[in-house]
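The values are calculated or read from the model by the stated rules, or taken from the named source; none is laboratory data. All values derive from a computational prediction rather than experimental measurement. Cβ atoms come from the backbone with ideal geometry, glycine included; neighbour counts cover every protein chain shown. SASA here: full protein model, heavy atoms, side chains in, ligands and nucleic acids out. Shrake-Rupley method; radii C 1.70, N 1.55, O 1.52, S 1.80 Å.
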Amino acid sequence: MSALGIGIGIPAVSGSVAATMCPKTPGYWANNPDYSSPTDNWAVLGPNGGTNYTLRGVTMTHDDWREFLVAPTKGDKANIMAKHYLAIVLNLRNRPGDDPGCTSDDATIQHGDYAGYTIEEVKNMAGAWLGNSAWSNGGRQKSWYVSVGGDMVDGETLKDTLDAFNNSPGSLGLDCPCNDR
């Protein structure tokens with residue numbers, strides 16, 4: 001598989017802070033053999049801790065998810081969101097427990113459309129956006145706007161915030177150990 005066009009990040013030396021603590025892009029999660037165990041980092045996506053996850057009404061295995069991450073989005077806005085959402089779920093799950101400036105409840109985004117929110121809150125909003133999109137019922141999501149709880153939510157700003165965290169948390173004003181990579 002190739003990560004071309006999936007937002008390749010800056011390479012890091014194995015064992016460095018950037019290699020071990022920094023959030024990773026969807027391409028990293030699709031292509032890194034260290035995260036290939038279906039019961040390791042992917043189980044968080046399954047219902048009740050299971051190893052499978054339902055995507056558009058189809059139960060997908062760990063390998064199906066990896067293929068999904070590198071497949072073309074074909075203009076489906078929810079497909080684009082889902083790739084960033086999957087990466088953020090894995091990134092948050094693989095953060096160190098003591099990460100006060102980056103992902104704790106006190107670490108709020110300082111820049112952008114979601115200033116004042118934590119990255120966990122933005123992830124949850126993106127999940128709600130996905131759950132209310134046409135994509136969740138097998139349809140194609142053509143617009144970035146989705147009704148969530150009666151309000152129209154711009155998914156593009158959510159996706160851009162997830163992408164910023166996956167590539168460089170410092171761009172959001174979060175004090176992560178990898179900001180100087």
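Which of the numbered conditions does N132 fail, given that it passes all the others? Conditions: (1) modelled with pLDDT of 90 or more; (2) more than 21 Å from W29 (Cβ to Cβ).
Answer for N132: the failing condition is (1).
Right, N124: in a helix (DSSP H, G or I) and surrounded by fewer than 16 Cβ atoms within 10 Å (Cβ to Cβ) or not?
In short, yes.
Can you tell me how many residues in segment 140-156 are open to solvent by less than 30 Å² (accessible area, probe 1.4 Å) and out of contact with any strand residue (DSSP E or B) (no Cβ under 8 Å at 6 or more places or on another chain)?
Going through segment 140-156 one residue at a time, the tally reaches 1.
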